[in-house]
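Just so you know, all these numbers are worked out from the coordinates, no wet-lab data involved. Since the structure is predicted, the reported quantities are computational estimates derived from the model, not experimental observations.
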Amino acid sequence: MKRLLQYLKFNNEVLPILLDVVHTCKLIIHSFILILQDQLLKVLLSYLRLLVNSRDELALSQAINIPYREIAHKQFTALRKVAREKNMPMFQVSTTCVLASRHALIQELKLGIQNLT
């Protein structure tokens with residue numbers, strides 16, 4: 001009987017605390033989901049804005065940085081500088097750089113395959 005009373009007393013003291021912790025966890029998870037949805041919407045809208053206007057530097061910066069792609073401020077500034085020097089949109093300069101690096105990689109692979117045969 002004494003153990004039962006101790007168990008009930010423990011449950012009466014601990015249960016409200018546990019329920020409060022569970023409620024707090026639910027709020028944190030819900031907030032986290034809302035933040036993720038907001039970021040996803042921002043990225044989607046950024047890509048759509050780039051489709052409409054490839055000169056939209058803000059949309060490009062949001063599309064590049066979310067999800068995190070390890071592009072530093074210095075690299076982004078260099079991209080902007082090259083775009084201004086060539087009088088081209090940053091989007092076009094970045095696309096050109098990506099295509100050029102892919103082309104170089106393909107050439108290296110072709111040379112490697114030729115050297116194997």
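Give, in nm to one decimal, the length gained when the segment between residue 66 and residue 22 is fully stretched (0.36 nm per residue of separation minus the Cα-Cα distance).
Answer, rounded to one decimal: 12.8 nm.
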In whole Hz, the Karplus estimates of ³J(HN,Hα) for the stretch 71-78 (6.51, -1.76, 1.60; θ = phi - 60°; x where Gly or Pro) are 9, 6, 4, 4, 5, 5, 5, 5
Computed lengthening from residue 82 to residue 40, 0.36 nm per intervening residue step minus Cα-Cα distance: 12.2 nm
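Per the Cauchy relation, a quarter of the hull surface: what is the mean projected area of the convex hull of the alpha carbons in the stretch 52-117, in nm²?
6.1 nm²
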